[in-house]
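Structure, as structure tokens:
The values are calculated or read from the model by the stated rules, or taken from the named source; none is laboratory data. None of these values were measured; they are calculated from a predicted model. Quick reminder, even Gly has a Cβ in these numbers, built from the backbone with ideal geometry, and neighbours come from all protein chains shown.
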Amino acid sequence: MNSLQEKSNAFISGFMLANFLQLINLEQKTCTLKVKSKDKVGYLYLNKGELVNAEADGMDGEKAATRIISWKNVQTEVQDNCQTERKVHTSLMHILLNSTHQADENGTTRDHADLLDEAIQQAEGYHLKKAKLLLSKILKQDKRNHKG
């Protein structure tokens with residue numbers, strides 16, 4: 001919370017990006033998020049809590065935002081400016097719902113490590129039903145998965 005109030009760069013990790021975006025939306029924060037996942041880098045531009053643009057993998061706008069939000073195990077740098085033209089005309093909450101829906105549909109193709117990491121994050125956040133569903137997906141793919 002202090003990172004959102006200060007006028008300096010902050011680094012956030014161990015937090016689900018979708019949840020962090022909801023917090024920024026609620027606080028009506030203006031910022032740029034530099035999001036890293038493994039070898040990927042993307043940017044989310046927010047003005048007064050609303051997503052105005054995103055850039056990743058040579059794409060921009062809503063398509064890039066959906067891709068970034070779907071990344072797992074992200075590290076996020078919060079920068080206190082937002083200088084870009086508006087290319088997203090859909091609400092942040094709608095984009096978050098679409099990203100979650102796509103992740104659920106593609107859940108069976110995600111590797112076990114990603115599913116397990118997300119299940120752990122859900123369990124640590126006391127979202128036990130979601131964690132149980134993710135663990136079930138792992139075990140349906142591989143009944144002998146000792147981590148699952």
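List the pairs whose first member sits in the range 131-143 and is farther than 13 Å from GLN121 by Cβ, whose second member is in a helix (DSSP H, G or I), and whose Cβ atoms are under 6 Å apart, counting only residues at least 6 apart or on separate chains?
As it stands, the answer is LYS137/LEU115; ILE138/HIS112; ILE138/LEU115, since those pairs meet every condition given.
Could you list, in sequence order, all residues of the range 76-93 that are β-branched (Val, Ile, Thr) and either assigned to a loop (DSSP other than H, G, I, E, B) or not assigned by TED's automatic domain parsing to the domain that holds VAL35 (or both)?
Result: THR84, VAL88, THR90.
For the range 31-75, enumerate the residues that are part of a loop (DSSP other than H, G, I, E, B) and surrounded by 17 or more Cβ atoms within 10 Å (Cβ to Cβ).
Within the range 31-75, GLY49, GLY61, TRP71, LYS72, VAL74 meet the criteria.
Quick check on THR100: is it polar (S, T, N, Q), in a loop (DSSP other than H, G, I, E, B), at negative phi and surrounded by fewer than 19 Cβ atoms within 10 Å (Cβ to Cβ)?
no
Any chance the range 3-20 includes a residue that's polar (S, T, N, Q), at pLDDT below 90, in a strand (DSSP E or B) and under 15 Å from the mean Cα position of the chain (by Cα)?
Yes.
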